[in-house]
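Encoded as structure tokens, the structure appears first; notes follow it.
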Amino acid sequence: MKTMFNRWPGGHFKCLTLSYDDGVVEDRELVSIMNRHGIRGTFHLNSGLFGTPGRLNSSDVASLYAGHEISTHMVMHPFPTRLTREEILAETLEDRRSLEALAGYPVRGMSYPYGDYDARVIELLRACGIEYARTVRSTGQFDLPTDWLEWHPTCHHHECLTHADRFLETSKEPWRQGLFCFYVWGHSYEFPNNKNWNLIETFCDKLGHRDDIWYATNMEIVDYIRAVREVRSSADGTLLYNPSAQSVWLTIVKTGENCELKAGQTIRFPA
Ligand SMILES: [Zn+2]
């Protein structure tokens, strides 16, 4: 018998995250649009390319991406499957070290340069402490991945408006009780190249500052789902215990009530 449904922080069932690669100078404009609309995301950076034409300087990184997540995209933007084991380890760990010195926190996420990966790459990334990696394979869905190291996004930003209305309308489908995640990726240099800054402005305007969406970085989503999966229930389903270090939100099926189960808390509700 189903006793509860999982919710995102704040009791929402929808979450939005953006993911942008390469650390290019156009990220300044993108971040300012995102910040204005309360939208958050992750920036996958190549520390070996800072200061090269079109790229940000390392000194820009900490302040520009404050409130968002800094994540690895390997040092020199290689094709990961063409590297030796040693090169994969070096490209990943050296990028982590450089980015962590700027970010001030452990860098735990990644996006595959050129979307290039295979089983061998995944295994080595795990050994490097990488906990999720985004591909470039759009699903058109709002699902969460089975393996975080193969996190397929909903879409590239050129299709973001196509999916935006469907995402907003999912609130009209109460029979769908899953957790929805709208994941958009791209490169910010594509906006001036295609003369369509208005695309992301319109998208952020439509989806930003809403009270039914949780705005998160990629890593926050992974951490939250991990906490959700740790929730334990008693055999009769009347007790729920959250052993994790963060709050978990859920809806009690019987009462329809949304509740926050705090870190370390146990709650009881009628069978
Ligand atoms: Zn890239």
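The values are calculated or read from the model by the stated rules, or taken from the named source; none is laboratory data. For clarity, every value in this text was computed on a predicted model and none was experimentally measured. Positions of Cβ are generated from backbone atoms using ideal geometry, with glycine treated the same way; all protein chains shown enter the neighbour counts.
In segment 254-271, the residues that are under 11 Å from Leu240 (Cα atoms) reach residues that are hydrophobic (A, V, I, L, M, F, W, C) and modelled with pLDDT under 90 with C-beta atoms within less than 6 angstrom, at least six apart or across chains, in these pairs: Phe269/Ile252. Restricting attention to segment 67-85, the residues that are at positive phi and within 15 Å of the ligand (Cβ to nearest atom) add up to 2. Residues that are surrounded by fewer than 18 Cβ atoms within 10 Å (Cβ to Cβ) and either assigned to a helix (DSSP H, G or I) or modelled with pLDDT of 95 or more (or both) within segment 165-186 comprise Asp165, Arg166, Leu168, Glu169, Thr170, Ser171, Lys172, listed in sequence order. The strands (runs of 3 or more DSSP E) found wholly in segment 208-271 and carrying at least 1 residues that are of a type in the set (Val, Ile, Thr) occupy 213-215, 248-252, 266-268. For segment 26-63, what are the residues that are under 25 Å from Ser138 (Cα atoms), within 14 Å of the ligand (Cβ to nearest atom) and surrounded by fewer than 22 Cβ atoms within 10 Å (Cβ to Cβ)? Listed by number, the list holds a single entry, Glu26. For segment 10-25, enumerate the residues that are surrounded by 20 or more Cβ atoms within 10 Å (Cβ to Cβ), away from the ligand (no atom under 13 Å from the Cβ) and closer than 16 Å to Ala66 by Cα. Selection gives Thr17, Leu18.
Residues that are hydroxyl-bearing (Ser, Thr, Tyr) and touching a Gly at 6+ places or on another chain (Cβ under 7 Å) were ranked within segment 1-54; the one that is modelled with the lowest pLDDT is Thr3. Out of all the residues in segment 104-124, is one or more farther than 15 Å from Ser19 by Cα, small (Gly, Ala, Ser) and in contact with a Cys (Cβ under 8 Å, 6 or more places away or on another chain)? No, segment 104-124 has no match at all.
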